[in-house]
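Enquirer: One structure is given below, represented as structure tokens, and several questions about it will come after.
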Amino acid sequence: MDGCGVVVSTGKANEGQETWLPLVGRIAAGDRQAEGQLIGQFRAGIYALARRHCRPGDPAVDDVVQDVICHLLEQLRRGSIKDPRALPAYIRTSVVNACTSEYRRRRMRAESVPLDDVVMIAPDAHDPAIAFQNQRVALAIRQLVAEMPVQRDRELLVRFYLNEADKERICTELGIEAGHFHRVIYRARERFRTLLVRAGLVQEGGTTAPLPTPETQEVRRDGGQRSA
Amino acid sequence: MAGNGVHERMTGISELSADLPHWLEHAWLERYLDGELEAHEEEAFEAYLLDKPHLIAKLDADNLLRAAIAEDAGALKDVRVSDVSSGVRETRRSHQGPTGWLALAAGLVFGVGLSWLGSPYLGDIHAGTHAPSRIVFDTLRGELSAPREEAGDPAAPVRVYELPLPPGANVVSAQAVHDGRATPLPPASPSTDGYLTYLVPASWRGRGEFRIEIDFADGRTAGTRLTFPL
């Protein structure tokens, strides 16, 4: 995909923008209903990015998302975002910064509380619904793994997803070509997604966020500040 | 939180404001998920996908895969096919993976002394180096639908076919007819969920069909033939 970085805007709003662009001005004008609509447009994306930038399975994602949304609404109400088309970039930056701040806070606390303990303790670990979902996800991953006959391919998954090693290093260490790396990862990804769809954890076509999102959770009005 | 100067930074990464063609979106996504984007590209793509549910769903599936591996990394080393069959109800036996079908295929092939396929077809099969395509005929309900193909290594000398049987059916005989030649296949027993698995040379693709003669234990129908395109 050469030229990724030089794709130039046509100046035309995309389909998503056509929906939320007008909302930016309405929010600045005090339209509270528009706030809900705009957050509805971006909530799933914010969650997905927060999960991406947080540690796997980290329950702090919910707090990160709340912080981002609260901060975003503040800025929108003030009319601080001058170019509404830049809103996604603004949100993306906010998510990354919020995740970074979260882990910076943890590092400061880490002397008294082992970081791994903090990460692995989910607040709703005993929620039957969450437990059921986790069980289905675990089965899906085992199913996926069972379909991988070559130990080296499993090792590839571990190094890429768990150890977060980069592609070149993995290829070098495992003695495989980049094409093979991509095939293994791509197939695993697609197969896992199929298994999630079958298990009802992801909808085909991606119309909803696949992981539980606190849709009913109200946006906090405290400016997103959490006690450390 | 977004700090001072974020508006200036946004100017540089708001280039992807127009919808991309599907193929280009897909290429971006794959490179993004593979960790191959430069920092500024990653920044731009993450902003781009924020209001696109189809991309978000794929990203989140990848997030979940990452989380599941982190949660159960031992599974990647310890899991056996038998661990899965008792737990994932939607799983067909034949979908328990290449481990299962390679073993089965090997059993089929060596069980008939390579006579029905011939060693020239099979001399290059190595589980570790080739991942054959898998063609799955999903249902016998109503008209036979197009099979689902799980792409494999194009260089693989064989393809794996999974053929569904009606409930209670027994295989009387099976053959693959290709280029006008009939090659007998072992009359394999269907799995508990009613699928046969056959391994045939990839070169036969599109050049004939499977013919499976079945009957039923209760004798309600005799001499039924099922055909599946190669």
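Each value in this text was obtained by applying a stated rule to the coordinates, not by laboratory testing. If you're wondering where the values come from, they're calculated on a predicted model, not measured in any experiment. Cβ sites come from the backbone with ideal geometry, for glycine too, and all protein chains shown count toward neighbours.
Enquirer: When the Karplus curve 6.51 cos²θ - 1.76 cosθ + 1.60 is applied with θ = phi - 60°, which whole-Hz ³J(HN,Hα) does each residue of region B:57-68 get, with x for Gly and Pro?
Expert: Coupling constants for region B:57-68: 4, 6, 4, 5, 4, 5, 4, 5, 4, 4, 5, 5 Hz.
Enquirer: Same structure, new question: With θ taken as phi - 60° and the coefficients 6.51, -1.76 and 1.60, list the Karplus ³J(HN,Hα) couplings across region A:132-140 in order, rounded to whole Hz; mark glycine and proline as x.
Expert: Residue by residue, region A:132-140 yields 5, 4, 4, 5, 5, 5, 4, 5, 5 Hz.
Enquirer: Can you tell me the length gained on complete extension of the stretch B:ALA151 to B:GLU38, counting 0.36 nm per residue apart and subtracting the Cα distance?
Expert: 37.8 nm
Enquirer: Going by C-beta contacts inside 10 Å, put A:LYS82, B:LYS58 in order with the fewest on the left.
Expert: Ordered from fewest to most neighbouring Cβ atoms within 10 Å, A:LYS82, B:LYS58 come out as A:LYS82, B:LYS58.
Enquirer: Per residue of A:132-143, how many C-beta atoms from partner chains lie within 10 Å of its own C-beta, taken as a mean?
Expert: Taking the mean over all residues of the peptide, I get 6.
Enquirer: Ordered by packing density, taken as the mean number of other Cβ atoms within 10 Å over each peptide's residues, highest first, how do A:170-182, A:47-59, A:96-108, B:151-163 rank?
Expert: Per-residue Cβ counts within 10 Å, averaged per peptide and sorted highest first, yield A:47-59, B:151-163, A:96-108, A:170-182.
Enquirer: Find which of A:PRO56, A:GLY40, A:TYR103 sits farthest along the positive direction of the dipole of region A:12-109, computed with +1 on the beta-carbon of Lys and Arg, -1 on that of Asp and Glu, about the Cα centre.
Expert: A:TYR103
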